[in-house]
Structure formats: C-alpha cells, structure tokens
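**Student:** Before anything else, here's the structure in question.
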Amino acid sequence: MSGPIDPPEPGFVPAPDGQPGFVPVPDGMAQSATDRDWARSRLERRRKLGDSVVAYLVINSFLIGIWAVIGQGYFWPGWALAGWGVALILEIWSLFSHRPITNADIDREMRKGS
C-alpha cells in the first residue's frame, strides 16, 4: 500500500486531475515557508491572547468578588487589574501593530538612504 508522495521541493504541488507527478506552483499562489511560519505564529498569538483575556476577566472578577464579600474597604484588586491590564495592552499592541517586513519596505528604506 503506497501513501502520498511528497513534492520534490517547495514550490511544487501535485499535478491536477489525478495525473502523476508534480507541477510548479503558479506565480500568484507562491508562498514562502517564512510567510506561512509568520502567519501561523500570528494565529497562535491571537489564540493565546484570547485565552489571556478570558483568564484576566475570570480571575479579576473573582478578586473583586472577594473584595466585595470582605467589606469593600481599600480597593486592592485594582493592583491586579492595573498590572495585568498593562501587560494585556502591550501584548495587543505588539500583536496588531507589527507586520512582516516586505521587499517594498526594504526598497523604500534603501531609497531614503541614497
């Protein structure tokens, strides 16, 4: 029993219509491994961010509940809210403000230097 055969190198896909062999990926569809790795990393970071936001809400709600039950004096949960909130804001900024460097970015920077 034979399984699928891997393409000979990146940039090739199985031939269409069940024909044997592989054909080059059309130019418009080509993606480098680094592009895919960057996209995968970004998706993983988005999922992690969602988990972090849920944890932030659940744990800080619990702390506020404890504060409310024990007498509502000094609002000590504010320290956890503020510290963790700053960390979340920095993670959100990092995730959504950065994009990969493209060849156009490099060309633009080179034109500035000359």
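**Student:** Report Rg/Rh for region 42-113, rounded to two decimals, where Rg is the Cα radius of gyration and Rh the Kirkwood radius.
**Tutor:** My calculation of the ratio gives 1.29.
**Student:** With the crude spin-label approximation of a point 7 Å out along Cα→Cβ, what separation in nm comes out for L49 versus L63?
**Tutor:** Label at L49, label at L63, 2.2 nm between them.
**Student:** Separate question: Give me the one-decimal nm value for the distance between modelled label points at D37 and R108, 7 Å along each residue's Cα-to-Cβ direction.
**Tutor:** So the label points at D37 and R108 sit 2.5 nm apart.
Rule-based calculations on the coordinates, nothing more; no lab input. Computed from a prediction, not measured in an experiment: that's the story for all the values here. For neighbour counting, all protein chains shown are included, and Cβ atoms are generated from backbone atoms with ideal geometry for every residue, glycine included.
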